[in-house]
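Worksheet for the structure shown next.
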């Protein structure tokens, strides 16, 4: 055996949440009410709790790490999120790339072995930065030459653009979802958060089933964005 | 390694809180679906030990294990197979069991013929298992090994179940594992498949050495625990342990290691073993 370091498997999840001004009110209140429920859901399955790592990145004009990647059993309270400002997807993607890279090295130093990280991207709007800028940041995040490139699930409601979300999820099937037209955020957001919690727990449990995978959530008021087939 | 109490599973590395919790009572049970299974035996050439424990995740959820093992003697040779049902599909515990039996049956039939080529026997075993698994709804990994009386072993596998040689207290992998610096792959090859991705391996066992076939529930912690799991298992298997001892050892506690664990060891006997 060549390797001489002890390793412990972890499955990192990053919630990348749009915290622009349009999320103020019901959507953000719902997020702040439901995010702590993830801790309780994970706590119900102690085997799964040992493998999940969860972090929250929020973005508007800039991006912040609201909850550093954590073992949820050690988190006393999930910080609340305040909505303000515009919707810079570029800031979100650049911050994610740097955060994942930094977290990976810190985590490896502590003896963790990573499953490919998952990013859960949630937005109610279109990017306010110019397309070239956010697409270039997205390319850096999803560059397959970068070993840590994450799998991305994306979810949109309100003014979110299905074509943009499909791009965010690299046009992979069943990775991008959009709320039904006219659906109220007051309905969509609680369902989405509940679905995401289940998705994170199910994905982490799959580590113990011989086929670790990112399990998409079931959100009744959202539908998968179809992905074109190439010739 | 934390010294175990009498008959208790050891703690190997960072302890697991989940591993200490009581198992849920499953809705139904039977000897064939036991959460703890073990076996042992020896003939002129080989000592065999097998052990399989349901993972902590399955035990706490009140679910059956999805690993399986089988062996079949074929003249002076022996065929060993291990399978790991892919848990995201229903019927995968059955698929693993069907695959290991079909694989052993097909390989032993060929090995018993006049001009046996163990490499061909292994590939045919995977083919037979693939056909057998198609009748059900589940999916499984499979490793098949054919061991001859002179210590020559041929193996074939589909998926991430694997095999190692235990020689002089050291583990030697017979199949490649993931790259050391990469993020773990999230995909496992499995049967059934239209064109199974078969990997082959060979080794020669000297007397006293063991071929150890295992599912990833034990292979992963063995690779990830080079100063805990690997030496503890090597020490416990330097000579064939009693089946119940192997079962207890296999049930070690380790943080985040809660998949089903199955291991089959085949020691080539030494003249002094009697």
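Values in this text are rule-based calculations from the coordinates and carry no lab data. Just so we're clear, the structure is a prediction, and the values are computed from it rather than from any experiment. Counting neighbours? That spans all protein chains shown, and the Cβs are built from the backbone with ideal geometry, glycine included.
Reported to the nearest whole Å, the Cα centre-to-centre distance from region A:117-151 to region B:75-92 is 41.
Across peptide A:147-153, the average count of Cβ atoms from other chains found within 10 Å of a residue's Cβ is 1.
Ellipsoid semi-axes for region B:113-153, based on the Cα gyration tensor and the rule √(5λ), read 25, 11, 6 Å when sorted largest first. Helix A:185-205 and the long axis of chain A differ in direction by around 20°, with both axes built from C-alpha atoms. Taking only the alpha carbons of region B:48-105, we obtain Rg and Dmax values of 12.9, 42 Å in that order. The mean number of Cβ atoms from other chains found within 10 Å of a Cβ in peptide A:42-53 is 5, as a whole number. Considering only B:224, B:67, B:251, the Gaussian network model of chain B with Cα springs below 10 Å gives its largest mean-square fluctuation to B:224.
Sorting A:144, A:65, B:248 from the fewest to the most surrounding beta carbons within 10 angstrom yields A:144, A:65, B:248.
Rg over Rh for the protein assembly as shown works out to 1.03, both radii taken from alpha-carbon positions and Rh defined as the Kirkwood radius.
Just so you know, the Cα atoms of chain B work out to an Rg and Dmax of 17.6, 54 Å. Computed on region A:1-154, the Cα convex hull volume stands at 109 Å³ per residue.
A Förster radius of 35 Å, combined with the Cβ-Cβ distance separating residue A:62 from residue A:5, puts the computed FRET efficiency at roughly 0.45. The reciprocal of the average 1/r between distinct C-alpha atoms defines the Kirkwood hydrodynamic radius, which for region B:1-120 equals 16.8 Å. For the Cα atoms of chain A, what angle does the longest principal axis make with the long axis of helix A:89-109, in degrees from 0 to 90, nearest 10? With rounding to tens, the tilt is 10 degrees. Within the listed set B:218, B:198, B:78, the residue fluctuating most in the Gaussian network model of chain B (springs between alpha-carbon atoms under 10 angstrom) is B:198. Evaluating kT/(6 pi eta Rh) at 4 °C and 1.567 mPa s, with the Kirkwood radius of region A:1-71 over Cα pairs in the Stokes-Einstein relation, gives 91 µm² s⁻¹. Each residue of region A:79-119 gets 97 Å³ once the volume of the Cα convex hull is shared out per residue. Multiplying the residue separation of residue A:186 and residue A:108 by 0.36 nm and removing their Cα-Cα distance gives an extension gain of 24.1 nm.
Put the Cα centre of region B:196-251 next to the Cα centre of region A:3-49 and the gap is 36 Å. Taking label points 7 Å from Cα along the Cα-to-Cβ direction, residue A:32 and residue B:119 give a separation of 6.8 nm. Per residue of B:255-263, other chain Cβ atoms within 10 Å of the residue Cβ number 5 on average.
Per-residue ellipticity at 222 nm computed for chain B from its helices equals -7500 deg cm²/dmol, with DSSP H segments shorter than 4 residues left out and the rest contributing -39,500 (n - 2.57). For region B:83-176, the spread of Cα coordinates along the three principal axes comes to 40, 36, 17 Å, biggest extent given first.
Fully extending the segment from residue B:137 to residue B:193 would add 18.9 nm, taking 0.36 nm per residue of separation and subtracting the current Cα-Cα distance. A protection proxy built from the mean count of other Cβ atoms within 10 Å ranks the segments A:156-165, B:255-264, A:36-45, most packed first, as B:255-264, A:156-165, A:36-45.
Once region A:32-106 is represented by equal point scatterers at the alpha-carbon sites, with solvent omitted, what log10 I(q)/I(0) does the Debye formula produce at q = 0.11, 0.16, 0.22 Å⁻¹? Cα-only, vacuum Debye calculation for region A:32-106: -0.32, -0.66, -1.04. Where in region B:209-233 does the label zone of residue B:168 land, with the point 7 angstrom along Cα→C-beta and an amide N cut-off under 13 Å? The answer is B:209. Across every pair of non-identical alpha carbons in region B:188-274, the mean reciprocal distance, once inverted, gives a Kirkwood radius of 14.9 Å. The modelled label-to-label distance between residue A:24 and residue B:43, using points 7 Å beyond Cα along the C-beta direction, is 8.0 nm.
Separation of region A:54-109 from region B:122-145 is 44 Å, based on Cα centroids. Kirkwood radius and radius of gyration were both taken over the C-alpha atoms of region A:83-231, and their ratio Rg/Rh is 0.97.
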